[in-house]
Amino acid sequence: MAARINTSLHNALSLLNAFNTPLNYKPFTCRNCFRFSKKLPYYSQSSSGKRALYCTYSSQESTVDGADTFVLTTPLYYVNAPPHMGSAYTTIAADSIARFQRLLGKKVIFITGTDEHGEKIATSAAANGRNPPEHCDIISQSYRTLWKDLDIAYDKFIRTTDPKHEAIVKEFYARVFANGDIYRADYEGLYCVNCEEYKDEKELLENNCCPVHQMPCVARKEDNYFFALSKYQKPLEDILAQNPRFVQPSYRLNEVQSWIKSGLRDFSISRALVDWGIPVPDDDKQTIYVWFDALLGYISALTEDNKQQNLETAVSLGWPASLHLIGKDILRFHAVYWPAMLMSAGLNLPKMVFGHGFLTKDGMKMGKSLGNTLEPFELVQKFGPDAVRYFFLREVEFGNDGDYSEDRFIKIVNAHLANTIGNLLNRTLGLLKKNCESTLVEDSTVAAEGVPLKDTVEKLVEKAQTNYENLSLSSACEAVLEIGNAGNTYMDQRAPWFLFKQGGVSAEEAAKDLVIILEVMRVIAVALSPIAPCLSLRIYSQLGYSVDQFNSITWSDTKWGGLKGGQVMEQASPVFARIELNPEKEEEEKKPKVGKKTGKVKVKVVEQTPTVAEA
Ligand code: MSP
């Protein structure tokens, strides 16, 4: 069935809107804020003699929108079911980026939340024998609980059922309406309830199956309100041409450009058949389409609770967002629909939309609708937040898809966190206790004079910083791990345990070596803190710092020279529990295999003892 919009001429609203279009309507895109404007532009003369168009808002950018504020968002998660590892993935990445930006000294507003309206949610509430509000409360809470378990430090959690959100959605709708971009028409097409989206027949698989959810779409015919997306085709093309960094990673830009080029069609922004939603202003027989509603959560989240809310105040508190972090499946909503909606309402566009890949299981997107999910609560309980955060950020190149396997998980976290990082700290503190009463003999700056390891560390810190800035989180982890590798190599080459045994000048050199290696550990703790905050805190504490001192670190603390002579270190104790197969499983593994494996992986803290030579 071909999707069909039928705008009847007798439709009063559509006529009204046609007349509402201002006669002097000569839209242009501001060169400064990329905002679509219908106000009178002003011009600036560039050195090349070309005149650039700027909108009249440009000089009125809100102060929080300056270089020192970083507003980032995760998608607002559907509450049809509790979170799975795929939903946790975006949030872990966002949290690491937020933590890095805080280390740079930015005022960060990290927004997350839950998307609670629409048919999909109403259906899942009914399937669970609950009414929608009760269902939303339970599932929304399960997201908050998981974020706590995963050490997610968000600043704002918005629920689309919050009254303050509803007020903003209605005001926004009214603005778009007043701008002549909403009209009424019939719609006939194929609908995927899981995507909450009408689909083009050409993008569907056999039997009209949705390619993401592998379930047949249903034929629908409705009388809806439409948003005039087609009107924004040219402005969107211009924005992407002028600001190609708007869509990241860069390879996703082509996809977005080709959607736009293939022709933008108006889309329906209300539902006649769905009760569970925000009523359309002036027509309570329809509710606002869940996507039109939820995207506004990025703005309503900025408002403060218990204060009078309106769009203007919300915007002044931090809009536009610096970064929308999303999965690639919802790129069209964020890179096409959302910017057009914002232009229509006369608001700034977000600075960047980053579409990451999927966590897959057997090559299929892990998801609630397909039922092939990985339980994040179980994973965190078993392995702890640092291991989970580190594994997914290190293992999956941010932007690409990545598969999970427990074997790989254990191998990576044991090798990187327990061995390269944890064991190096443990060995060094053990030697320091035995030979220097756990006290540093001199400042790390003095100890490292003429030692090439210091330069190596400085270069790797720069590499980590660049990668964090470019959102190449896996490469950032890799750079930090390389610092650990360099520290281990230094330890093995210098063999301080041997030098201590020699005594005299050699022992003095060995004591300096320990200062150098512990300084390496300190730098690692700072540089790894966006990815594995608890592990970093444990390292920092063992280096003799307080929790408050850890909480006030900045990226400038990655600079060599933090540790001072006379500083007393804590007793060595493992900062990262090595994951061991339990003994029964190990026995089981040794036996010839008959039937199914039953053994379970257990976490066991394995003492990170010094080598025989060091003891
Ligand atoms: N409610 C909408 C978003 C509205 S934003 C205004 C939605 N929710 S969702 O719960 O279905 O998905 C939320 C995010 O989780 C999306 O970015 C999606 O890509 C991501 N993921 C869901 N499954 C995923 C994987 N298996 N792997 C990685 N991310 C995945 O869409």
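The values are calculated or read from the model by the stated rules, or taken from the named source; none is laboratory data. Predicted model, so just to flag it, every value in this text is computed and none were measured. Neighbour counts are summed over all protein chains in view; Cβ atoms, including those assigned to glycine, are modelled from backbone coordinates with ideal geometry.
Do we have any residue at all in region 419-440 that's within 12 Å of the ligand (Cβ to nearest atom) and part of a helix (DSSP H, G or I)?
No: region 419-440 contains no residue that is within 12 Å of the ligand (Cβ to nearest atom) and part of a helix (DSSP H, G or I).
Scan region 353-399 residue by residue and report those that are more than 11 Å from the ligand (Cβ to nearest atom) and among the polar types (S, T, N, Q).
If the condition is that a residue be more than 11 Å from the ligand (Cβ to nearest atom) and among the polar types (S, T, N, Q), then Gln381 is the only one that fits.
Kindly indicate whether Ser270 is of a type outside the set (Val, Ile, Thr), more than 14 Å from the ligand (Cβ to nearest atom) and within 25 Å of the chain's Cα centre (by Cα).
So Ser270 fails the test.
Pairs only if they're at least six apart or on different chains, beta carbon under 7 angstrom, first in region 346-364 and outside any loop (DSSP other than H, G, I, E, B), second basic (Lys, Arg) and more than 12 Å from the ligand (Cβ to nearest atom); list them, first residue then second.
Cβ pairs passing all conditions: Gly355/Arg252.
Select from region 211-247 the residues that are more than 27 Å from Ala178 (Cβ to Cβ) and of a type in the set (Lys, Arg) and list them in ascending order.
Listed by number, the residues that qualify are Arg220, Lys221, Arg245.
Let me spell it out: the conditions are (1) surrounded by fewer than 21 Cβ atoms within 10 Å (Cβ to Cβ); (2) closer than 22 Å to Gly371 by Cα, and Cys210 meets all of them except one. Which number is the exception?
All conditions are met except number (1).
For residues that are touching a residue at least 60 places away in the same chain (Cβ under 8 Å) and under 26 Å from Phe292 (Cβ atoms), scanning just region 94-115, find the one that is farthest from the ligand (Cβ to nearest atom).
Filtering first and then ranking leaves Ile109.
Would you confirm, using the coordinates I've provided, whether Leu425 is surrounded by 15 or more Cβ atoms within 10 Å (Cβ to Cβ) and either under 21 Å from Asp492 (Cα atoms) or in contact with a Ser or Thr (Cβ under 6 Å, 6 or more places away or on another chain) (or both)?
yes
Of the residues that sit in region 71-81 and are over 10 Å from the mean Cα position of the chain (by Cα), at pLDDT 95 or above and more than 8 Å from the ligand (Cβ to nearest atom), which one is farthest from Thr145 (Cα to Cα)?
Among them, the one singled out is Val71.
How many residues, within region 114-128, are within 9 Å of Tyr78 (Cα to Cα) and not in a helix (DSSP H, G or I)?
Within region 114-128, the first condition is being within 9 Å of Tyr78 (Cα to Cα), and the residues that meet it are 114-117, 120-121.
Okay, now just the ones that are also not in a helix (DSSP H, G or I), so 114-117.
Count: 4.
Scan region 291-314 for residues that are away from the ligand (no atom under 14 Å from the Cβ) and either of a type in the set (Ser, Thr, Tyr) or surrounded by fewer than 20 Cβ atoms within 10 Å (Cβ to Cβ) (or both) and jot them down.
Passing the criteria: Thr303, Glu304, Asp305, Asn306, Lys307, Gln308, Asn310, Glu312, Thr313.
Among the residues that make up region 375-396, is at least one of them outside any helix (DSSP H, G or I), in contact with a Phe, Trp or Tyr (Cβ under 6 Å, 6 or more places away or on another chain), surrounded by fewer than 21 Cβ atoms within 10 Å (Cβ to Cβ) and on the phi < 0 side of the Ramachandran plot? If you could, list the steps in order and put the result at the bottom.
Taking region 375-396 first, the residues outside any helix (DSSP H, G or I) are 375, 384, 396.
Applying the additional criterion that residues be in contact with a Phe, Trp or Tyr (Cβ under 6 Å, 6 or more places away or on another chain) yields none.
For region 375-396, residues outside any helix (DSSP H, G or I), in contact with a Phe, Trp or Tyr (Cβ under 6 Å, 6 or more places away or on another chain), surrounded by fewer than 21 Cβ atoms within 10 Å (Cβ to Cβ) and on the phi < 0 side of the Ramachandran plot: absent.
Any idea which of (1) within 15 Å of the ligand (Cβ to nearest atom); (2) crowded, with 16+ Cβ neighbours inside 10 Å; (3) within 30 Å of Ser472 (Cα to Cα) is the one Glu255 doesn't satisfy?
(2)
Mind listing whichever residues of region 212-255 are under 24 Å from the mean Cα position of the chain (by Cα) and under 20 Å from Glu196 (Cβ atoms)?
Of everything in region 212-255, those that are under 24 Å from the mean Cα position of the chain (by Cα) and under 20 Å from Glu196 (Cβ atoms) turn out to be Val212, His213.
Pairs please, first residue from region 290-316 and among the charged types (D, E, K, R), second anywhere and modelled with pLDDT of 95 or more and within 11 Å of the ligand (Cβ to nearest atom), Cβ atoms under 7 Å, 6+ apart in sequence or on different chains.
Correct list of pairs: Asp293/His117; Asp293/Thr160.
Quick check on region 121-130. Is at least one of its residues over 23 Å from Cys195 (Cα atoms), within 16 Å of the ligand (Cβ to nearest atom) and buried (at least 23 other Cβ atoms within 10 Å of the Cβ)? Show your work before the answer.
Taking region 121-130 and keeping what is over 23 Å from Cys195 (Cα atoms), we get none.
No, the conditions are met nowhere in region 121-130.
Just to be sure, is Ala126 more than 25 Å from the chain's Cα centre (by Cα), within 24 Å of Tyr225 (Cβ to Cβ) and among the small types (Gly, Ala, Ser)? Explain how you work it out, then say what you get.
Numbers: more than 25 Å from the chain's Cα centre (by Cα): yes; within 24 Å of Tyr225 (Cβ to Cβ): no; among the small types (Gly, Ala, Ser): yes.
When the stated conditions are applied, Ala126 does not pass them.
Just to be sure, is Leu264 in contact (Cβ under 8 Å) with a residue 60 or more places away in the chain and touching an Asp or Glu at 6+ places or on another chain (Cβ under 9 Å)?
no
Search region 129-172 for residues being part of a helix (DSSP H, G or I), in contact (Cβ under 8 Å) with a residue 12 or more places away in the chain and charged (D, E, K, R), and hand back the single one that is farthest from Ala340 (Cα to Cα).
Asp149
May I ask you to verify whether Trp276 is at pLDDT 95 or above, within 15 Å of the ligand (Cβ to nearest atom) and part of a helix (DSSP H, G or I)? Spell out how you get there, then give the answer.
On the way: at pLDDT 95 or above: yes; within 15 Å of the ligand (Cβ to nearest atom): yes; part of a helix (DSSP H, G or I): no.
So Trp276 fails the test.
Residue check, Thr161 against (1) out of contact with any Cys (no Cβ under 8 Å at 6 or more places or on another chain); (2) within 16 Å of the ligand (Cβ to nearest atom), all met but one. Which one?
It fails just one condition, (1).
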